[in-house]
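In what follows, a structure is listed as structure tokens, so that the remarks can point back to it.
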Amino acid sequence: MPLSKRNKVLVVGMDGLRFDRLRALGAPVLDGLMSSGAYGTSKLPYGEAGTPRTESPGEIVPKSPESGGRVIASRTDSGPGWSSIATGVWPDKHGVVDNAFTNPNFTKFPDFLTRAKNVRPELTTAAFFSWTSLDEHGAFSRAIDHRFVVDGYGMGLWAEADLQVAEAAERHLADADADAVFVYLGDTDEVAHDLGPHCPEYFAALQTQDAYLGRLLDAVRGRSTYPGERWTVLVTTDHGHVDEGGHGGTSDEERTVFVIANRLGEDLGGRSLSGPRLVDVGPTALGVLGIAADPAWELDGTDLFINC
């Protein structure tokens, strides 16, 4: 790699995407990233047995009084999942244990874009969401340079919210100032809650999000500055779903998550990552940007590329 190349990172989150369904159904862009990159799965170290499952995106389900204690007391919900992806620590540190975001600790454990901006102020950071909770509760802070937020619930059609997110992120990535970008897409989770992850509608939502990812990658490759850049793409999810739809519990289907890592233009051979965790995403993104984790940050995750 020429020394002049500037490292940049794109993190794409697809809510409630079961990896076994991804592999069974196929998605050309994601499959391509896996075949030339590295990927793997792990199981979330938390989940709450014996309570109702989350049956709609963003639903707040009462916690069991028996759930307790590092055993991490948290539901396998979107709030804990995306907070772990953002901060690089588990729910017992960042404080988000369900979709209520009752006692977040994002001041001590900020998101990776905010850490990047704090360490390297010259970087341009951006985040794009169709789930407003990530904005309202500070999972991604106001220190981020560019923010685009639409309300998937308020619009009444999550697919349309995702489309607006994808189009805004595509426009941003086509510009020359993007250094670190996070994009959230939520329709796979919405469909799985309504109909489960085995229905044709789930396949259609996956294919749509995969196509959006392809557009984002095309925007990156089409940048006038792309020849002097080295882009790393990370794709992940926050939790899975039971077959009938829903999550929050301790089953393998709910707890299994994945991370896909790809350096555009470089062939990593489709190698296996050994148990990549949600908390590894942030430290990996920071590592791409040349930012080593400070021990004082007390991160639970590590840079996946250290041994890749």
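The values are calculated or read from the model by the stated rules, or taken from the named source; none is laboratory data. All of these numbers come straight from a predicted model, not from anything done at the bench. Counting neighbours? That spans all protein chains shown, and the Cβs are built from the backbone with ideal geometry, glycine included. Each accessible area value is taken on the protein alone, full model and side chains, heavy atoms only, with ligands, DNA and RNA left out. Shrake-Rupley method; radii C 1.70, N 1.55, O 1.52, S 1.80 Å.
Pairs, please: C-beta under 6 Å, at least 6 apart or cross-chain, first residue at positive phi and in region 258-284, second modelled with pLDDT of 95 or more and assigned to a strand (DSSP E or B)?
Gly275/Ser42
When you go through (1) open to solvent by 40 Å² or more (accessible area, probe 1.4 Å); (2) touching a Lys or Arg at 6+ places or on another chain (Cβ under 7 Å) one by one for Thr250, which number turns out not to apply?
Of everything listed in (1) open to solvent by 40 Å² or more (accessible area, probe 1.4 Å); (2) touching a Lys or Arg at 6+ places or on another chain (Cβ under 7 Å), Thr250 misses just condition (2).
Looking at (1) assigned to a loop (DSSP other than H, G, I, E, B); (2) open to solvent by 10 Å² or more (accessible area, probe 1.4 Å); (3) under 25 Å from Phe106 (Cα atoms), can you tell me which one Pro276 breaks?
Of everything listed in (1) assigned to a loop (DSSP other than H, G, I, E, B); (2) open to solvent by 10 Å² or more (accessible area, probe 1.4 Å); (3) under 25 Å from Phe106 (Cα atoms), Pro276 misses just condition (2).
List the pairs whose first member sits in region 39-62 and is closer than 19 Å to Trp158 by Cα, whose second member is of a type outside the set (Lys, Arg) and open to solvent by 20 Å² or more (accessible area, probe 1.4 Å), and whose Cβ atoms are under 6 Å apart, counting only residues at least 6 apart or on separate chains?
Pairs found: Pro57/Glu190; Ile60/Ala100.
Give the residue that is farthest from Met14 (Cα to Cα), with candidates limited to residues of region 169-186 that are of a type outside the set (Asp, Glu) and surrounded by fewer than 18 Cβ atoms within 10 Å (Cβ to Cβ).
So in region 169-186, the residues of a type outside the set (Asp, Glu) come out as 169, 171-174, 176, 178, 180-186.
From what is left, the residues that are surrounded by fewer than 18 Cβ atoms within 10 Å (Cβ to Cβ) are 171, 174, 176.
Numbers: Arg171: 19, Ala174: 21, Ala176: 25 Å.
Filtering first and then ranking leaves Ala176.
Only one of these conditions is not met by Leu234: (1) buried (at least 24 other Cβ atoms within 10 Å of the Cβ); (2) over 16 Å from the mean Cα position of the chain (by Cα). Which number is it?
(2)
Specify the residue that is surrounded by the fewest Cβ atoms within 10 Å (Cβ to Cβ); the eligible residues are those in region 204-231 that are among the hydrophobic types (A, V, I, L, M, F, W, C) and within 20 Å of Tyr39 (Cβ to Cβ).
My answer is Ala211.
Just checking, how many residues over region 218-255 are touching a strand residue (DSSP E or B) at 6+ places or on another chain (Cβ under 7 Å), in a helix (DSSP H, G or I) and within 30 Å of Ala178 (Cα to Cα)?
2
Can you pull out the helices (runs of 4 or more DSSP H) entirely within region 1-92 that have at least 3 residues that are touching a His at 6+ places or on another chain (Cβ under 7 Å) and modelled with pLDDT of 95 or more?
Details: elements: 19-25, 28-36, 78-87.
Those helices (runs of 4 or more DSSP H) span 78-87.
Can you tell me how many residues in region 207-220 are farther than 14 Å from Ile260 by Cβ and in contact with a Leu (Cβ under 7 Å, 6 or more places away or on another chain)?
The number of residues fulfilling the criteria is 3.
Would you confirm whether any residue within region 93-113 is in contact with a strand residue (DSSP E or B) (Cβ under 6 Å, 6 or more places away or on another chain) and over 27 Å from Glu253 (Cα atoms)?
Keep residues of region 93-113 that are in contact with a strand residue (DSSP E or B) (Cβ under 6 Å, 6 or more places away or on another chain), which gives 113.
So of that shortlist, the ones also over 27 Å from Glu253 (Cα atoms) come out as 113.
Checking region 93-113: at least one residue is in contact with a strand residue (DSSP E or B) (Cβ under 6 Å, 6 or more places away or on another chain) and over 27 Å from Glu253 (Cα atoms).
Looking at Gly240, is it in contact with an Asp or Glu (Cβ under 8 Å, 6 or more places away or on another chain), crowded, with 24+ Cβ neighbours inside 10 Å, at pLDDT 95 or above and over 24 Å from Val165 (Cβ atoms)?
Working: in contact with an Asp or Glu (Cβ under 8 Å, 6 or more places away or on another chain): yes; crowded, with 24+ Cβ neighbours inside 10 Å: yes; at pLDDT 95 or above: yes; over 24 Å from Val165 (Cβ atoms): no.
Judged against the criteria, Gly240 is not a match.
When residues of region 188-203 are filtered for being of a type outside the set (D, E, K, R), open to solvent by 50 Å² or more (accessible area, probe 1.4 Å) and touching a helix residue (DSSP H, G or I) at 6+ places or on another chain (Cβ under 8 Å), how many remain? Outline the logic, then answer.
Our first condition is that a residue be of a type outside the set (D, E, K, R); within region 188-203, this holds for 188, 191-193, 195-200, 202-203.
Restricting the remaining residues to those that are open to solvent by 50 Å² or more (accessible area, probe 1.4 Å) gives 195, 198, 200, 203.
Checking the rest, the ones that are also touching a helix residue (DSSP H, G or I) at 6+ places or on another chain (Cβ under 8 Å) come to 195, 198, 203.
Looking only at that region, the number is 3.
Could you list, ordered by first residue, the pairs with Cβ atoms under 9 Å in which the first is in region 151-168 and among the polar types (S, T, N, Q) and the second is assigned to a helix (DSSP H, G or I), at least 6 apart or interchain?
Note: pairs meeting the criteria are Gln164/Met155.
Quick one: in region 254-272, of everything that is buried (at least 18 other Cβ atoms within 10 Å of the Cβ) and not aliphatic (A, V, I, L, M), which residue is nearest to the chain's Cα centre (by Cα)?
Top of the filtered list is Phe258.
With the structure loaded, tell me whether Asp145 is over 23 Å from Asp210 (Cβ atoms), at pLDDT below 95 and either open to solvent by 20 Å² or more (accessible area, probe 1.4 Å) or of a type in the set (D, E, K, R) (or both) or whether it fails that test. Lay out the reasoning, then the answer.
Details: over 23 Å from Asp210 (Cβ atoms): yes; at pLDDT below 95: no; either open to solvent by 20 Å² or more (accessible area, probe 1.4 Å) or of a type in the set (D, E, K, R) (or both): yes.
Here the answer is no, as Asp145 does not meet what is asked.
If I go through region 279-302 residue by residue, how many of them are part of a loop (DSSP other than H, G, I, E, B), open to solvent by less than 20 Å² (accessible area, probe 1.4 Å) and within 20 Å of Ile260 (Cβ to Cβ)?
First, the residues of region 279-302 that are part of a loop (DSSP other than H, G, I, E, B): 289-294, 298-302.
Filter once more, so that each one left must be open to solvent by less than 20 Å² (accessible area, probe 1.4 Å): 289, 291, 301.
If we keep only those that are within 20 Å of Ile260 (Cβ to Cβ) as well, we get 289, 301.
Of the residues in that region, 2 qualify.
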